[in-house]
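K.L.:
Below: one structure in structure tokens.
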Amino acid sequence: MLNQSRLVCFVATADAERARAFYQDKLGLSLIEDNGYSLLFDAHGTPLRMQRVETVAPHPYTALGWEVGDLAAAVRAMAAAGVAMARFPGLAQDADGIWDTPDGSRVAWFHDPDGNTLSMHQAPGR
């Protein structure tokens, strides 16, 4: 049934202006709409709707993630934009915050202004 429908991603913010600046200026997403209830961004053809809420209760796991071709370059670009990679105790991350998974994937995490955990992922062999 839904396999023919377009996926829309959702994330919440308690400070829409600060979140807008982060997603637009630091992550480079294009703002499509601000209707007063939510912000709508274009995430490379996938709609990302940012709901305005009173309080955000961030999950202890990844809320949104992007697949990138060169994770090390993406991490450096994010650092240049002022975005720090998250560190997790017990996880063997390199100096840039990248974790090499047992299957050969590479992952780095960061947080948005509301504390939502976001990630970048590089598939094995890239």
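K.L.:
Just how many % of Cα pairs in the chain lie over 22 Å apart, if you round to the nearest whole percent? Please list the in-between numbers first.
P.N.:
Details: 3014 of 7875 pairs.
The share of Cα pairs beyond 22 Å in the chain comes to 38 percent.
K.L.:
What part of the accessible area of the chain, given as a whole %, is carbon or sulfur when the probe is 1.4 angstrom?
P.N.:
Numbers: 3910 of 7380 Å².
C and S atoms contribute 53 percent here.
K.L.:
Nearest 10 degrees, 0 to 90: what angle lies between the long axis of helix 71-80 and the longest principal axis of the chain (Cα atoms)?
P.N.:
60 degrees
K.L.:
Go through segment 6-48 and name the trypsin sites (Lys or Arg not before Pro) that are in a DSSP coil and have 16 or fewer other Cβ atoms within 10 Å of their Cβ.
P.N.:
Working: sites: 6, 18, 20, 26; in loops: 6.
Loop-located and lightly packed - 6.
K.L.:
Working with all protein chains in place, sort 10, 88, 41 by solvent-accessible area computed with a 1.4 Å probe, largest first.
P.N.:
Heavy-atom accessible area, descending, gives 10, 88, 41.
K.L.:
Further question: Starting from 0.36 nm per residue, how many nanometres of slack lie between residue 66 and residue 123 once their C-alpha separation is accounted for?
P.N.:
19.4 nm
The values are calculated or read from the model by the stated rules, or taken from the named source; none is laboratory data. Since this is a predicted model, take the numbers as computed values, not measurements. All Cβ positions, even for glycine, are placed from backbone atoms using ideal geometry, and neighbour counts span all protein chains on display. The area values use the complete protein model at the heavy-atom level, side chains included, leaving out ligands, DNA and RNA. Shrake-Rupley method; radii C 1.70, N 1.55, O 1.52, S 1.80 Å.
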